[in-house]
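This report refers to the structure that appears directly beneath it.
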Amino acid sequence: MPTLALIGGGGFAKEVAEVARLNGYEVAACYAENAGYFGHIHRGYLDDLLAERDGYDAVALCVGATSRRSVQVRRELIAWLVRHALPAPPLVSPRAICAEGARLAPGVFVGHGAVVAVDAVVGGFSVINVSAMIGHDAVVGANVTVAPGAFIGGGASVGDDTLIGPLSMVMQGVRVGREVVLGAGCTALRPLKDGASVWPRLDRPVKDMTAPAVPA
Amino acid sequence: MPTLALIGGGGFAKEVAEVARLNGYEVAACYAENAGYFGHIHRGYLDDLLAERDGYDAVALCVGATSRRSVQVRRELIAWLVRHALPAPPLVSPRAICAEGARLAPGVFVGHGAVVAVDAVVGGFSVINVSAMIGHDAVVGANVTVAPGAFIGGGASVGDDTLIGPLSMVMQGVRVGREVVLGAGCTALRPLKDGASVWPRLDRPVKDMTAPAVPA
Amino acid sequence: MPTLALIGGGGFAKEVAEVARLNGYEVAACYAENAGYFGHIHRGYLDDLLAERDGYDAVALCVGATSRRSVQVRRELIAWLVRHALPAPPLVSPRAICAEGARLAPGVFVGHGAVVAVDAVVGGFSVINVSAMIGHDAVVGANVTVAPGAFIGGGASVGDDTLIGPLSMVMQGVRVGREVVLGAGCTALRPLKDGASVWPRLDRPVKDMTAPAVPA
């Protein structure tokens, strides 16, 4: 059984570890600043991984992106992984769907229930999270995070280091730049420039309905 | 083949009945105020079920929640089920995904296409409906309804008797109280207190585009 | 192996072709004004298909709808297909879920990850795209397009020639008319009349967050 080392020890690491096991890997070690959920196999951080790299068949980047800050952390870790030529195969849930002609670069993670349609391309170390949908011929850059339930339309493109929030959308053929943050439930109806941020309008708290739903 | 009695006879009962059959149950009887779709196996209501309980291996609560009123109806039925110690196993669609370490309390229903991620916990009689997504380590209380396509982020929590509308979201780590109604497509970016109601902003009807799309 | 001819050669045609192959068809020819992705098997347009119809076991309408204009194009092509009695079986992804009692008319396409619930009815040539959700007992008319991730509630109805955008919703039991356009991420909380258009409110571009997420 091939062995895998995780980089990162938080909740996202547990999701990656599960998918890795479903793909036949033994999750043998965790390298992280904080051991998180993986104290039992925690073996230090990056220097330690370099020293012990021959012990593993593959590594997986398991730091999730939920903000500009964590996108940047991932970017720096990816540069380090590439510099040291650590082998990071794509990890695809057997409960995801990758259609004919879809191409996944090294390091890509595809979660349960996600659909990557015909001839879509996903760049290095991008995350297509649970039940996200990537349309036909879409081009997703490197280190992009497509959060759960989000939709990238057919022929759309998303630049490197961009964060697409949960249940948000990029319409068919629309071009989204690099280093964009498209907030939760937002829609890119038109192109978004490099570095753009889009935030949702707030929902309405309903004052006169705040009575408890049910008696105590 | 073990036998199951439904409580409730509406459309949601049909969905539960299908999942029960896919799990090897014979759906033998329906107890409901209105027989609904199940007239052919309708055998009365709660008193009748109590009298005939020895005839079934399990019961399933099949009243759906779409409002505060129906959340309360469910709550009262659950109290009755618990008081009488009727056996209500979790019913999980074989087309749903329950990850490693996910824990489902008695009475939980998980619909087709739903994903319950690593180490998530779902409390008694909660409904994780079609294609809903529960993140890693999320804690969902009892009698919670997560409507189709909704997303509960990793590490988030949702209190008892709460209704999460279709395609709505609770962001990662956010705490949503008891007896909350989060409307269709709404987003809990921040914590919601017990009893809160959140409603969507209305979309825009487009007046000058109301001509028929195609000629008659 | 039965043979299939595509009508249309764009990206949606690739998705239909994949599902057809997964259903055991040989995709033998493409008839389209523009050969698109199918130059290698392109054999002309409608007149040519009529002349060569005996060479195929089935045809599939592969023009996607994303606007009133393309809904109308589809409508005219459907009328032509019906007039000439060309055989167009429903094509359902083996990775979709069609529940007990769901009825699909000829020409219906159901994409990967979609869920058509118990006793739902889908009319001729409608498209239930990737991961869309059709509730129990919902009645979807003919030539309706339900875009990826959209939700049609239990017992709702959608009239002919209507376009339901990605991640949009029709609430339980709500009646949506013919020739409606429900925009991306919009919600039909109440009935929509024939010909209505609903558009999303725009999200907020966040001016002071447009700095690049990560250094160049």
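The values are calculated or read from the model by the stated rules, or taken from the named source; none is laboratory data. Every value quoted in this text rests on a predicted model; they were computed, and no experiment measured them. No Cβ is skipped: glycine too gets one built from the backbone with ideal geometry, and neighbour counts run over all protein chains shown.
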Item to complete: From (1) within 12 Å of chain A (Cβ to nearest Cβ); (2) surrounded by 22 or more Cβ atoms within 10 Å (Cβ to Cβ), pick out the condition that doesn't hold for B:ALA147.
Response: (1)
Item to complete: Considering every residue within the stretch C:116-124, establish whether at least one is out of contact with any His (no Cβ under 8 Å at 6 or more places or on another chain), touching a residue at least 24 places away in the same chain (Cβ under 8 Å) and within 13 Å of chain B (Cβ to nearest Cβ).
Response: no
Discussion item. Can you pull out every residue in the stretch B:119-144 that is hydrophobic (A, V, I, L, M, F, W, C), over 20 Å from B:LEU81 (Cβ atoms) and either buried (at least 24 other Cβ atoms within 10 Å of the Cβ) or within 12 Å of the chain's Cα centre (by Cα) (or both)?
Written reply: B:ALA120, B:VAL130, B:ALA132, B:MET133, B:ILE134, B:ALA138
Response to the item:
Scanning the stretch B:102-115 for residues that are more than 13 Å from the chain's Cα centre (by Cα) and within 13 Å of chain A (Cβ to nearest Cβ), the one surrounded by the fewest Cβ atoms within 10 Å (Cβ to Cβ) turns out to be B:ALA102
Worksheet item: in contact with a Leu (Cβ under 7 Å, 6 or more places away or on another chain) and more than 28 Å from C:ALA20 (Cβ to Cβ) - does that describe any residue in the stretch A:86-100?
Response: yes
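Within the group C:ALA96, C:ALA65, C:ALA79, which residue is free of Cβ contacts under 8 Å to residues at least 60 places away in the same chain, under 30 Å from C:VAL118 (Cα atoms) and touching a strand residue (DSSP E or B) at 6+ places or on another chain (Cβ under 8 Å)? Can you show your working first?
Working: C:ALA65 fails: free of Cβ contacts under 8 Å to residues at least 60 places away in the same chain; C:ALA79 fails: touching a strand residue (DSSP E or B) at 6+ places or on another chain (Cβ under 8 Å).
Residue meeting the stated conditions: C:ALA96.
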Worksheet item: Taking helices (runs of 4 or more DSSP H) that fall entirely within the stretch A:5-83, which contain at least 1 residues that are surrounded by fewer than 16 Cβ atoms within 10 Å (Cβ to Cβ), over 20 Å from the mean Cα position of the chain (by Cα) and not assigned by TED's automatic domain parsing to the domain that holds A:ILE164?
Response: A:46-52, A:68-83
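Given the condition farther than 18 Å from A:LEU189 by Cα and either in contact with a His (Cβ under 7 Å, 6 or more places away or on another chain) or at the interface with chain A (Cβ under 9 Å from one of its Cβ atoms) (or both), answer yes or no: does some residue in the stretch C:191-209 qualify?
Going through the stretch C:191-209, the residues farther than 18 Å from A:LEU189 by Cα turn out to be C:191-196, C:208-209.
Retained after the next criterion (residues that are either in contact with a His (Cβ under 7 Å, 6 or more places away or on another chain) or at the interface with chain A (Cβ under 9 Å from one of its Cβ atoms) (or both)): C:208-209.
Yes - at least one qualifying residue is present in the stretch C:191-209.
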Worksheet item: Does A:ILE97 satisfy the criteria of being at negative phi, away from chain C (no Cβ under 11 Å) and modelled with pLDDT of 95 or more?
Response: no
Worksheet item: Of the conditions (1) in contact (Cβ under 8 Å) with a residue 40 or more places away in the chain; (2) surrounded by fewer than 24 Cβ atoms within 10 Å (Cβ to Cβ), A:LEU163 fails just one. Which one is it?
Response: (2)
Worksheet item: Taking the stated definitions as given, is C:ARG178 at pLDDT below 95, out of contact with any helix residue (DSSP H, G or I) (no Cβ under 6 Å at 6 or more places or on another chain) and more than 28 Å from A:ALA96 (Cβ to Cβ)?
Response: no
